[in-house]
1. Which whole number in µm²/s is D for the chain by Stokes-Einstein, with the Kirkwood Rh taken over Cα pairs at 20 °C and 1.002 mPa s?
2. In percent, how large is the relative contact order of the chain, given Cα pairs closer than 8 Å and 6 or more residues apart?
3. Pairs Lys96/Lys147; Lys22/Lys57; Lys145/Lys174: which exceed 24 Å Cα-Cα?
4. Compute a Gaussian network model of the chain, connecting alpha carbons closer than 10 Å, and tell me which residue from Gly191, Gly113, Gly158 fluctuates the most.
5. Based on the alpha-carbon gyration tensor of the stretch 97-164 and its eigenvalue square roots a ≥ b ≥ c, which shape applies: rounded if a/c is under 1.5, prolate if not and a/b is larger than b/c, or oblate?
6. Which cross-chain or sequence-distant (5 or more) residues have an amide H under 5 Å from the amide H of Ala12, H modelled 1.01 Å from N in plane?
7. Arrange Asp126, Asp146 by Cβ neighbour counts within 10 Å, fewest through most, would you?
8. Could you compute the FRET efficiency for Thr127 and Ser28, with r as their C-beta to C-beta distance and R0 at 45 Å, rounded to 0.05?
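Each value in this text was obtained by applying a stated rule to the coordinates, not by laboratory testing. Please read all numbers here as calculations on a predicted model, not as lab measurements. Don't worry about glycine lacking a Cβ; one is built from the backbone with ideal geometry, like all the others, and counts go over all protein chains shown.
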Amino acid sequence: MIKEHHARLFVADSLLDVPAYKELDSSSPDVVIIDRPRFAIADVREMNETAHRLPIKDNERVVVLRTDVIALEAQQALLKTLEEPPTNTLFILVIKDSSNIIPTIWSRVLFEGDLRNNKQQNDSFDTFMNSPYKDRLEWIVKITKDKDRVSIDEVLTGVLISLTRWYQEKLVTKEAMESILSLSIKASLPGSSLKMILEEIALSVPVLKR
């Protein structure tokens, strides 16, 4: 599993909903499960200490993190770990609410899907992805003029969640993926022009007819 990706992210209500977790031998000393309602920076330190230990029994150590939400400061610390992961360690992140995950975290994980039973349909993102470029640009004018922050956030989150999969399926190049990620980061900064950022993203991501 490590050769495929060092960090896998699932959106789910419970660990029992995650196939990758059910495949693990939870009794193994090399499988570590950290379950917190809210993952804070102190929890990142605990996770790092565990992750850097050498495997005892198997060839790899698996660190499973299950949480409802990851605090922003914890995400910054977690990012450093994901950028320079320990050797022979796989991270499985199971998060109930992924709406506040920062763009740079998405760029460092393999998103495995939303497994929640009552997951909300992202209508704005579906509309965006199914529309030709001309219609996308017209829709962006409307939602930015109306200051429809819900639709804007749904599109940005949907793009970030799908970015790794698009790259793997060769729907976007590595350069385009990095450009979209950079634009998404800019969108979170105060004073940024959301209209211009969304327009650039709209012309960079593929049109997907579903």
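1. Values: Rh = 18.2 Å.
Estimated via Stokes-Einstein, D reaches 118 µm²/s.
2. Working: 299 pairs, mean separation 48.3, N = 210.
Result for the chain is 23 percent.
3. Values: Lys96/Lys147 27 Å; Lys22/Lys57 19 Å; Lys145/Lys174 32 Å.
Beyond 24 Å between Cα atoms: Lys96/Lys147; Lys145/Lys174.
4. Gly191
5. Numbers: a/c = 1.82, a/b = 1.71, b/c = 1.06.
Note, shape of the stretch 97-164 comes out prolate.
6. Here the answer is Ile95, Lys96, Leu115, since their amide H atoms fall under 5 Å of that of Ala12.
7. On the way: Asp126 15, Asp146 10.
Going from sparsest to densest Cβ surroundings: Asp146, Asp126.
8. Working: r = 45 Å, r/R0 = 1.00.
Computed FRET efficiency for Thr127 and Ser28 comes out at 0.50.
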